[in-house]
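Asks: Okay, here's the structure, questions in a sec.
The values are calculated or read from the model by the stated rules, or taken from the named source; none is laboratory data. Computed from a predicted structure; not experimentally measured. As a convention, Cβ positions derive from the backbone with ideal geometry for all residues, glycine included, and neighbour counts pool all protein chains shown. Heads up: the accessible areas ignore ligands, DNA and RNA and are worked out on the full protein's heavy atoms, side chains in. Shrake-Rupley method; radii C 1.70, N 1.55, O 1.52, S 1.80 Å.
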Number of protein chains: 2
Amino acid sequence: MGKQFKQLKLRNIEITDELFGEYVKKVSEKIISHQWKILNDQLDDAEPTYCIQNFRIAAQKESGQRKGVVFQDTDLYKWLEAVAYCLAAGKGKEYEPLADEVIDLIAMAQEGDGYLNTYYTVIAPQKKWSNLVEGHELYTSGHMIEAAVAYYQATKKEKFLNIAKKNADLICKVFGVKEGQMRGYPGHQEIELALVKLYRITGCRPYLETANYFIEERGKTPNYFVNEIEARGGYEFFSEFDDYDLEYSQAHIEPIRQTKAEGHAVREMYMCAAMADLAEELENKELSNTCSTIWDNLVNRRMYITGGIGSSGFRERFTTDYDLPNNTNYSETCASIGLMMFGQRMASVTKNAKYYDTVERALYNTVLAGINIEGDRYFYVNPLEVVPEFCTEHTYMDHVKPIRQKWFSVSCCPTNVARTIASLGQYIYAQDEEALYIHLFISSKAKTVIEDNEIEVNMKSKLLQNGCITIQVHATKSTSIKIRRPHYAVDEILWVNGEKAKVSVEKGYLIIHIGAGSSEIKIDFGVKAKWIAANKNVREDAGKVALMKGPLVYCLEEVDNEKYLSEVYVEANANVVEVEPMKALVGNIPTLSFEGIRIKNKHLDENQLYGVSGLEKVGTNLQAIPYCLWNNRGEGEMTIWQKARV
Amino acid sequence: MGKQFKQLKLRNIEITDELFGEYVKKVSEKIISHQWKILNDQLDDAEPTYCIQNFRIAAQKESGQRKGVVFQDTDLYKWLEAVAYCLAAGKGKEYEPLADEVIDLIAMAQEGDGYLNTYYTVIAPQKKWSNLVEGHELYTSGHMIEAAVAYYQATKKEKFLNIAKKNADLICKVFGVKEGQMRGYPGHQEIELALVKLYRITGCRPYLETANYFIEERGKTPNYFVNEIEARGGYEFFSEFDDYDLEYSQAHIEPIRQTKAEGHAVREMYMCAAMADLAEELENKELSNTCSTIWDNLVNRRMYITGGIGSSGFRERFTTDYDLPNNTNYSETCASIGLMMFGQRMASVTKNAKYYDTVERALYNTVLAGINIEGDRYFYVNPLEVVPEFCTEHTYMDHVKPIRQKWFSVSCCPTNVARTIASLGQYIYAQDEEALYIHLFISSKAKTVIEDNEIEVNMKSKLLQNGCITIQVHATKSTSIKIRRPHYAVDEILWVNGEKAKVSVEKGYLIIHIGAGSSEIKIDFGVKAKWIAANKNVREDAGKVALMKGPLVYCLEEVDNEKYLSEVYVEANANVVEVEPMKALVGNIPTLSFEGIRIKNKHLDENQLYGVSGLEKVGTNLQAIPYCLWNNRGEGEMTIWQKARV
């Protein structure tokens, strides 16, 4: 095990990026206040969340019925986490009083022993910890703890952290292998990574040990969940648990013996992220090997080109190797956020930059697609191909929304996107005792101190335009900068202070040594639009190509290319021309243009379902835009994979 | 309304066909005895049915628990119906004592008031008629009545018919609009068409009136089902009724106002068949127009090229226009049998031959695919494209079995296929006062009397080989023969007694007048293999072609063409060569051979999921066999729609 990556402080990172800067700005200027209204049910045309109201009821400040899903509290916690990241970055100061006030409310909703959950406190106090499979108590606590840690880091105020510690202390007391403790573990993982965060900030080892207990105990025989369900006699909250299988929540065998990405995708990602954390903290090589094995299965067999995961629309879950349908998939936004979290931690455990190829893939495509440019509408499900008229009841696309929604009845994604964008800096940079690491090429300014060396960085990225990155560094002493060499780099050219430099590549990093004072690193990654194909086992993509440029997956939209995108073919290596970015979109990213054909049937009349084939081809000019920006110009067809003519 | 078609008596039809003859023979020689063993749980390696045992328990000849699904009795009834058709055709005499014995058992299981249903009699006598949505009592009675009518027609024995009449009398008493009657109707339609059959054989008008009542009452507001479910507080038998919608059982509006094929496909077909019957019997033009409207929606928007219907794998149901996925569909064998029934009746109501194009499509493709050549394994689900490794838990193909099964826990299809094949003659011929009708070109001998004119026919069909049909007719008087002109006929040539004849075509029939004595009609329909395309709204088939010859849809199988059929492309109008029939298959049907290409990716290594495209083409020779014969040579990939290269 190497030395741990340390995060740079968010307050020391300023995102100046043409693309991400837009969204980061939206978080503090619009999204947080917009979501606050939703949490308070102040938006007439969004589904009520009852979120704040539930806390008021639990705090006995209001009477009435506690409503919403059992884990409704987490919307507030993720919102608070996003607020914390904004405050840390010196933005959204106006939300701090709101946050403090709602933290007071949370404190009042907490029970004397530290228990905190509006559902169980109000509705079923006698049933606490009795339905770990579905009840989401530990999951909810996990999000609370993450928010509290972030809020403490941002504000140094201890009130929320103390709520979290009190709750975590209770959990550490209730769960474990000692006599009198419950041998249970969460139905939806999340508490594990939260307890690691709490351990890291408090140094209090029981948090780490309980996190590790939850992973070690999970899936053991006799199976806790089997016994719990048997005792209860069936599902209580969610009808999908009617035919619950242990794989769904990765409780079929102990996690350390798992080899594939199985079950509910978000559960799997949160668990794997925690496992990587524990492997690092406990220097558990076996656990880190398990993480690698699952990772390899995930990214080489079960991931979409967009970094979307969980290909089944039925249970938001993984299915089997290479089952990657483009129009019926789930690919939940939260699952790709989980993939970013897992990848970030794998890079930390292994000190290998390759994991950030996937973090970047998920971020630039599925995660960013999860929110519209305006910042007030969201995708929960992220298909790679949409024909709106089939996204209707009873088809296999009935879970797919062809336009982003204001909110959802299970609304994990909107606040998750907000907290991820608000904390984006942590994915761009990292440091250890020896070097500053640059993982993502998102324009930003950062400063940090490494072993008394004060380092300032100003990265100007044209990755999405010409593939060139300029990094101005000022350091008080000489230092190493380790820059991730992305998977799409081709014959990259690197200049240090204007001179071409030959640098070594180690574990995916370009290693650059610079002296004290100011230096300028410039890299041309040779980024060009490329036609990508999928493994032949992915039957859905056979004979198809997708257009990528750098980390961006491109797509065709009806608004630019007319209806019936299913008729469209491209020559297998069609020449791609970069044209002006579309005005209605953001990020100043070139539109990609190329010639294609449409195959039409000249014999069939409109009302005929089948008839003698008379296929003929008609030339057409096609325009592709980044997938992450689709559906910002109205409802219509969209496709990423295009049929290739060879 | 024209005069009704009359069925020819099955005893007067002998199937001599190279293809269907094989299956007809199998029914009496093997299938009936095989299924009898299954109904008696005498096959060790098939799922137990408890079917006969349930009747023994209901008849108080045995104690124990009544088991199986609530409509388990229908397996026996459909078996008896198949036995009846065999006996009518002078075959399977050895089953008559078995049938008589089991009819005695049925009589003993019937209650004093005529009630007959092993589930409710044994398990829940106090709940009779209380769960029409799920309970299948009327559905079960319907199959019993159909069997009893067939058995009476075959044997002239009245015992079973009397059981049926007694049960039907009870139903007519219980249901209706008079005071004291229940205003309910069946959750699964079937009783309606059975009561029409019973009316036709008994002349007893209340049977017809109650059948009509069930159609007229259905879907009225206030809705019977809504009230029933509310009173019960949820589903009782089938978890899919947890989120039951009225469209599922076509109870959302009155059938006469329905315009689209909606809901569960078998329910819809059985209802439509009954509606067409009633339109004919009651000369109800409005009802027949409704049938036409639903039919048009069905065959022009919601039917597979194979005559498969019900494109959703989730609820065996219709979804939306043009939603016809090839690998995740249901296309239940029973639904296509229902489509044959509906089409047969529409032809009778309208005297238009076009409906038999669809009857033939369903029969030659999906229905025949429902059973293996050996006659002991069945498909319930009939996909158009299969990759076995994806037909697994959690994928959207998890309901698809890549090989035929011995039996099913819900096993409607095997006995349904048996009774359909055993009664095949009724689909080939019909008559009215003026003419003999030939609807299908299945080699057979038939005789009948039309208004004192004794007519004998010997049809020798080479439809699947060279498209030529020879029909020898002997009639005591001059007569008209109306021969369906199938949709695939091209510039057909017709000879009567060796002379080329020009004949008129009316409503899809070639009308041939022959004199008394012997005549020979010969028709060359100009049948050739043709590449067929689908409507552009069927996105799944865009840019694809399917090979048909006459009524047969062809497919590629892995065993003949290697794995990864998804790589295969054909030139849009590839020249098709007919080669020798495959020895392992039946029917002496030519294999179709043509050149294609495989598109392979030369850049990607086996473990890489995505990579820069390097598609290249490799020539390949392809062999296609009739879809109905697929999966008779082991498990493997199969596809009907092939990618076209234009």
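Asks: Using a label position 7 Å from Cα in the Cα→Cβ direction, what is the ascending list of nm distances from B:Val579 to the same site in the other copies?
Replies: Between copies, matching label points for B:Val579 lie 4.8 nm apart.
Asks: State log₁₀ I(q)/I(0) for segment A:87-188 at q = 0.14, 0.20 Å⁻¹ as given by the Debye formula over alpha-carbon point scatterers of equal weight, solvent excluded.
Replies: Debye curve over Cα of segment A:87-188, log10 I(q)/I(0) at q = 0.14, 0.20 Å⁻¹: -0.58, -1.03.
Asks: Here's a follow-up. For segment B:120-168, what mean projected area does the convex hull of the alpha carbons give, in nm²?
Replies: Over all viewing directions, segment B:120-168 projects a mean Cα-hull area of 3.6 nm².
Asks: What are the extents of the Cα atoms of segment B:1-116 along their three principal axes, listed from largest to smallest and rounded to whole Å?
Replies: 47, 41, 26
Asks: Give the Debye-formula value of log10 I(q)/I(0) at each listed q (0.16 Å⁻¹), with one equal scatterer per alpha carbon of segment A:157-281, two decimals each.
Replies: Once normalised to I(0) and log-transformed, intensities are -0.82.
Asks: Find, among the residues of chain B, the one whose Cβ sits nearest the axis of the rotation taking B to A; state the distance in whole Å.
Replies: Taking Cβ atoms only, the nearest residue and its distance are B:Tyr396, 3.
Asks: Find the eigenvalues of the gyration tensor of the Cα atoms of chain A, then list the square roots of 5 times those eigenvalues as equivalent ellipsoid semi-axes, largest first, in whole angstrom.
Replies: For chain A, the semi-axes come out at 38, 32, 24 Å.
Asks: If you bin the C-alpha pair distances of segment B:168-235 every 10 Å from 0, what whole percents do you get?
Replies: Histogram of Cα-Cα distances, whole percents per bin: 21, 49, 24, 6, 0.
Asks: Distances from B:Asp44 to the same position in the other copies: list them in nm, one decimal, shortest first, using label points 7 Å from Cα along Cα→Cβ.
Replies: Going from nearest to farthest copy, the values are 7.3 nm.
Asks: Compute the separation of the alpha-carbon centres of segment B:560-627 and segment A:211-273 and state it in Å as a whole number.
Replies: Segment B:560-627 and segment A:211-273 have Cα centres separated by 43 Å.
Asks: Let me check I've understood the local charge: for B:Ala624, count other residues with C-beta under 9 angstrom from its C-beta, Lys and Arg +1, Asp and Glu -1. What total comes out?
Replies: -2
Asks: Counting other Cβ atoms within 10 Å, which trypsin sites (Lys or Arg not before Pro) in segment B:437-534 have at most 12 and lie in a DSSP loop?
Replies: Answer in residue order: B:Lys502.
Asks: Here is a further query. For A:Met108, put the label point 7 Å out on the Cα→Cβ axis and report which residues of segment A:56-70 keep their amide N under 14 Å from it.
Replies: Within reach of a label on A:Met108: A:56-64.
Asks: On each of the three principal axes of the Cα atoms of the protein assembly as shown, give max minus min coordinate, whole Å, ordered largest first.
Replies: Cα extents, longest axis first: 116, 66, 52 Å.
Asks: Right, next: Post the alpha-carbon centroid distance, segment B:43-93 to segment B:428-459, in whole angstrom.
Replies: Cα centroid of segment B:43-93 versus Cα centroid of segment B:428-459: 34 Å apart.
Asks: Other chains' Cβ within 10 Å of B:540-550 residues: what's the mean?
Replies: 4
Asks: Grab segment B:155-285 and count how many Lys pairs have their alpha-carbon atoms under 27 Å apart, sequence gap of 8 or more, or different chains.
Replies: 26
Asks: Right, next: For A:Leu105, what charge total do you get from the other residues with a beta carbon under 12 Å from its beta carbon, if Lys and Arg give +1 and Asp and Glu give -1? Mind showing how you got there, number by number?
Replies: On the way: positive: A:Arg56, A:Lys61, A:Lys159; negative: A:Glu62, A:Asp73, A:Asp100, A:Glu101, A:Asp104.
So the surrounding residues net to -2.
Asks: What are the nm distances, shortest first, from A:Glu240 to its equivalents in the other copies, labels at 7 Å along Cα→Cβ?
Replies: Between copies, matching label points for A:Glu240 lie 2.1 nm apart.
Asks: Rounded to the nearest Å, what's the spacing between the alpha carbon centres of segment A:126-179 and segment B:94-145? Just the number, please.
Replies: Distance between centres, Cα-based: 58 Å.
Asks: Heavy atoms of the protein only, probe of 1.4 Å, neighbouring chains included. What is the accessible area of A:Val612 in Å², nearest 10?
Replies: Taking all protein chains as shown, A:Val612 has close to 70 Å².
Asks: Quick one: plug the Kirkwood hydrodynamic radius of segment A:453-559 (C-alpha pairs) into Stokes-Einstein at 37 °C, 0.692 mPa s, and report D in µm²/s. Before the final figure, lay out the partial values.
Replies: Working: Rh = 15.8 Å.
The diffusion coefficient I find is 208 µm²/s.
Asks: Under 11 Å from the Cβ of B:Phe214, count the other residues' Cβ atoms, weight Lys and Arg +1, Asp and Glu -1, and hand me the total.
Replies: So the environment of B:Phe214 carries a net charge of -3.
Asks: Could you give the Stokes-Einstein D for segment A:213-306 in µm² per second, using the C-alpha Kirkwood radius, 10 °C, 1.306 mPa s?
Replies: 112
Asks: On to the next question. List the GluC sites (Glu not before Pro) within segment A:563-593 that DSSP assigns to loop and that have no more than 13 neighbouring Cβ atoms inside 10 Å.
Replies: Here no GluC sites (Glu not before Pro) fit, given the DSSP loop and packing criteria.
Asks: Please enumerate, by chain and number, the lysines with C-alpha under 30 Å from the C-alpha of A:Lys500, excluding those fewer than 8 residues away in the same chain.
Replies: Partners found: A:Lys351, A:Lys354, A:Lys445, A:Lys447, A:Lys460, A:Lys462, A:Lys477, A:Lys482, A:Lys522, A:Lys528, A:Lys530, A:Lys549.
Asks: What does segment B:502-646 give for Rg and for Dmax, in Å, if only its C-alpha atoms count?
Replies: Cα only, segment B:502-646: 20.1, 75 Å (Rg, Dmax).
Asks: With Kirkwood's inverse mean 1/r over C-alpha pairs for Rh, give me the Rg to Rh ratio of segment A:139-202, two decimals please. Present the calculation step by step, with values, prior to reporting the outcome.
Replies: Details: Rg = 12.1 Å, Rh = 12.0 Å.
Reported Rg/Rh (Cα atoms, Kirkwood Rh): 1.00.
Asks: Another question about this same structure. How large is ³J(HN,Hα), in whole Hz, for each residue of segment A:358-365 in order, when computed from phi with the Karplus curve 6.51 cos²θ - 1.76 cosθ + 1.60 and θ = phi - 60°, using x for Gly and Pro?
Replies: 7, 4, 5, 4, 5, 5, 6, 10
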